[in-house]
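Remarks on the structure that follows.
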Amino acid sequence: MPSTMKAMVTTGQGGYARLVWCDVPLPALQAGEVLLRVLAAGINNTDINTRLGWYGVAQPLPATAQKAEHAVGADDEAPLGWNGATAFPLIQGADCCGLVVALASDLSATGSALLGQRALVRSCMRVAGFGSGDTRWLGTDFDGAFAEYVKVLASEVFAVHSDWSDVELASLPCAWGTAENMLHRASVAAGERVWVSGASGGVGSAVVQLAKRRGAHVTAVTSRDKQDAVLALGADCVLCREDGGAAYAAQPPADVVVDNVAGAGFGALLKQLQRGGRYVTSGAIAGAQVALDLRDLYLKDITLIGCTAWDEPVFPNLIGYIERHEIRPIVAGTYALKDMALAQQAFLEKRHVGNLVLLP
């Protein structure tokens, strides 16, 4: 094994200048850990939000479309990550498809089946067990996949037997795990009407497929120029968000709204829920501050569900869906890892459908 590796290191919170392509020491394995050679790594909103200090700030930062060059200044209140202050320098990257190349010495017997396997890493790790809400996220709470190698606990590595390419596999873990977790928490069942906002994005496009897999009727909300692409994902109905509430009102009410967009569109989606409906979210790419009419909430007995920590069945379920060909990847493009700033710029422009993936 080499003693060093190439990595994209985030040196602190701020703009693209905080991304530094450099040589760093190869990770040293501790008890219970395995080393993976990174084959491909996906891009997510989480990577950008952590760099910008979007989590935990007292004042809202600009919405995704405007925030690409935002840097946290000296006059800003010190931003935090969702588990407290982010420790920089940090190798980000929550999505990892890799090849297991080494095991800690204590795993020589129990972990030997993983050695040489192509695998996905569970992005969200429940460090205190699934009875606790405590989480540890790859690439946010410890070094992640934006490097040639990454080390993680063996319990978070899932061998996958599939004819998908490395790039296709790397497009899934964070976005699709988040999508499956929301549908799991909301107990989406066959025959229910599910509305999905931001349906062209990594999480939204995954929700469309995963909800259809459960037998739901899916209404997808996206921009006008992406309607055909989202319809091709399997949505039963595609609405243009520029048409707003009038277009929504012409549709039957929803049992479940899956909304990672939020912002100004939050109220109209909440109104679309029928009595006893569920609203579930794990993000707010159009703005975290929303206007809530409490009458919509309590007069219709609506349940609001916030999702960050993944439940135990979520990632094993996802691996099964891949191996049984029950879902298909949606890769919008690839970039070299050293060109990550360009990839993140393209990601923030939101002209793509699906996921962008980096190659070391």
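Compare the peptides 168-176, 281-289, 345-353 by average per-residue count of other Cβ atoms within 10 angstrom and give them in order, highest first. Please report the intermediate quantities before stating the final value.
Values: 168-176: 28.1, 281-289: 18.7, 345-353: 16.9.
Listed from highest to lowest mean packing, they are 168-176, 281-289, 345-353.
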Exercise for the section: Would you work out which of Gly144, Asn181, Val24 lies farthest towards the positive end of the dipole of the chain? Charges go on Cβ: Lys and Arg +1, Asp and Glu -1. Expected result: Asn181
Problem - Asp296 versus Asp228: modelled label distance in nm, points set 7 Å from Cα along the beta carbon direction - result: 3.2
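Can you tell me the dipole magnitude for the chain around its Cα centre, using point charges on the Cβ only (Lys, Arg +1; Asp, Glu -1), in Debye to the nearest 20? Don't skip to the end; give the middle numbers.
Working: 28 positive and 35 negative charges, 101 e Å.
About 480 debye.
For region 175-306, with only Lys/Arg (+1) and Asp/Glu (-1) charged at the beta-carbon, what is the dipole magnitude about the Cα centre, in debye rounded to 20? Spell out each step's value before the answer.
Details: 13 positive and 12 negative charges, 47 e Å.
That gives region 175-306 a dipole magnitude of about 220 debye.
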Exercise for the section: Quick one: which residues, 5+ away or cross-chain, put their amide H under 5 Å from the amide H of Glu33? H built at 1.01 Å from N. Expected result: Ala104, Ala154
Problem - Distant-in-sequence amide H partners of Ala284 (H built 1.01 Å from N, under 5 Å) - result: none
Practice task
Go through 156-163, 128-135 and give me the packing order, highest mean Cβ count within 10 Å leading.
Solution key: 156-163, 128-135
Practice task
May I ask which residue of Gln345, Ala268, Leu356 lies farthest towards the positive end of the charge dipole of the chain, with charges of +1 (Lys, Arg) and -1 (Asp, Glu) on Cβ and the Cα centre as origin?
Solution key: Ala268
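Using R₀ = 41 Å, calculate the FRET efficiency as 1/(1 + (r/R₀)^6) where r is the Cβ-Cβ separation of Gln345 and Leu115; round to 0.05.
Numbers: r = 38 Å, r/R0 = 0.92.
Rounded to the nearest 0.05, the efficiency is 0.60.
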Problem - Tilt relative to the chain, helix 314-323 - C-alpha long axis, 0 to 90 degrees, to 10 - result: 80
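Rounded if a/c is under 1.5, else prolate if a/b beats b/c, else oblate: with a ≥ b ≥ c from the C-alpha gyration tensor eigenvalues square-rooted, which is region 175-306? All intermediate terms of the calculation are to be shown ahead of the outcome.
Working: a/c = 1.34, a/b = 1.17, b/c = 1.14.
In terms of gyration-tensor shape, rounded.
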Handout entry: Residues Thr11 and Ala336, FRET efficiency given R0 of 25 Å [Cβ-Cβ distance, rounded to 0.05]
Key = 0.80
Practice task
Compute the acute angle (0 to 90°) between the alpha-carbon long axis of helix 340-349 and the principal axis of greatest extent of the alpha-carbon atoms of the chain; round to the nearest 10°.
Solution key: 0
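Using just the helices of the chain, give the 222 nm mean residue ellipticity in deg cm²/dmol: DSSP H runs with n ≥ 4 each add -39,500 (n - 2.57), and the total is spread over all residues, rounded to 500. Write out the running numbers ahead of the final one.
Details: 10 runs with 81 residues, N = 360.
The helix contribution divided over the chain gives -6000 deg cm²/dmol.
Treat every Asp and Glu Cβ in region 280-329 as -1 and every Lys and Arg Cβ as +1, leave all other atoms uncharged, and give the resulting dipole magnitude about the Cα centre to the nearest 20 debye. Walk me through the numbers on the way to the answer.
Values: 4 positive and 7 negative charges, 30 e Å.
In total the dipole reaches around 140 debye.
Take every DSSP beta bridge with both residues inside the chain and express the antiparallel ones as a percent of the total, to the nearest 5. Provide the component values of the computation, followed by the final result.
Numbers: 32 of 57 bridges.
Close to 55 percent.
Pairs Lys226/Lys350; Lys6/Lys151; Lys271/Lys300; Lys6/Lys350: which exceed 18 Å Cα-Cα?
Numbers: Lys226/Lys350 10 Å; Lys6/Lys151 14 Å; Lys271/Lys300 9 Å; Lys6/Lys350 28 Å.
Checking Cα-Cα distances, Lys6/Lys350 exceed 18 Å.
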Fill in the blank from the handout: Given the candidates Gly333, Pro89, Ala246, the one whose Cα lies deepest towards the positive end of the charge dipole of the chain, counting +1 at each Lys or Arg C-beta and -1 at each Asp or Glu C-beta, is Ala246
Handout entry: Tensor-based shape of region 269-360 (alpha-carbon gyration tensor, a/c under 1.5 rounded, otherwise prolate or oblate)
Key = oblate
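Where a number appears in this text, it was derived from the coordinates with a stated rule and is not lab data. This structure is a prediction, so every number in the text was calculated from the model and none was measured. Virtual Cβ from ideal backbone geometry, glycine too; neighbours counted across all protein chains shown.
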